[in-house]
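See structure below.
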Amino acid sequence: MTSREADSMHKLLVLHAIPKDPEHFRKYYRETHMPLAAQLPGLRGARYSFAVSGLGEPAPFFCVYEADFADEAAMKRALASPMGQKVVADVPNFTTGPARVIHYEVEDFPVARTG
């Protein structure tokens, strides 16, 4: 395995629209949906935020979720698994608007450090 293969990562990004009931969304998301999503097979890491802001304009999204997988195949296996299907089926329990879902391979690059 090359160093690049060892460091490769595939991300799943979900951008949730502003819901009709933000408090219900937050509570359900934290207490029910995230514990389900944490059980996705092959999940390397995950994070979410309700502190979504736009640059110079209102944010069009209420919540952002990001999940890390080894590669695209691992992500697809996770979503097709019984737990993945359970996670997807749970979404209508807390959201009232459309979600944008994208995925992509991540490539790292060196960053100049100062100081």
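The values are calculated or read from the model by the stated rules, or taken from the named source; none is laboratory data. Note that the structure is predicted; figures quoted are calculated from it, not measured. Cβ placement follows ideal geometry from the backbone for every residue including glycine, while neighbour counts extend to all protein chains displayed.
Are there any pairs with C-beta distances below 8 angstrom linking a residue in the range 1-18 that is at pLDDT 50 or above to a residue that is assigned to a helix (DSSP H, G or I) and surrounded by fewer than 16 Cβ atoms within 10 Å (Cβ to Cβ), with the two at least 6 apart or on different chains, and if so which?
His10/Glu72
Looking only at the range 17-39, decide whether some residue is surrounded by 13 or more Cβ atoms within 10 Å (Cβ to Cβ) and acidic (Asp, Glu).
no
In this structure, does Thr32 turn out to be part of a loop (DSSP other than H, G, I, E, B), of a type outside the set (Lys, Arg) and in contact (Cβ under 8 Å) with a residue 60 or more places away in the chain?
no
Within the range 62-93, track down each residue that is closer than 17 Å to Glu23 by Cα, part of a strand (DSSP E or B) and either aliphatic (A, V, I, L, M) or modelled with pLDDT under 95 (or both).
Hit for the range 62-93 is Val64, nothing else.
In the set Gly42, Gly84, Gly56, which member is surrounded by fewer than 16 Cβ atoms within 10 Å (Cβ to Cβ) and of a type outside the set (D, E, K, R)?
Just a single option satisfies the conditions, and that option is Gly56.
Got a sec? Which of Asp108, Asp71 is touching a residue at least 40 places away in the same chain (Cβ under 8 Å), within 29 Å of Ser8 (Cβ to Cβ) and exposed (fewer than 11 other Cβ atoms within 10 Å of the Cβ)?
The match here is Asp108.
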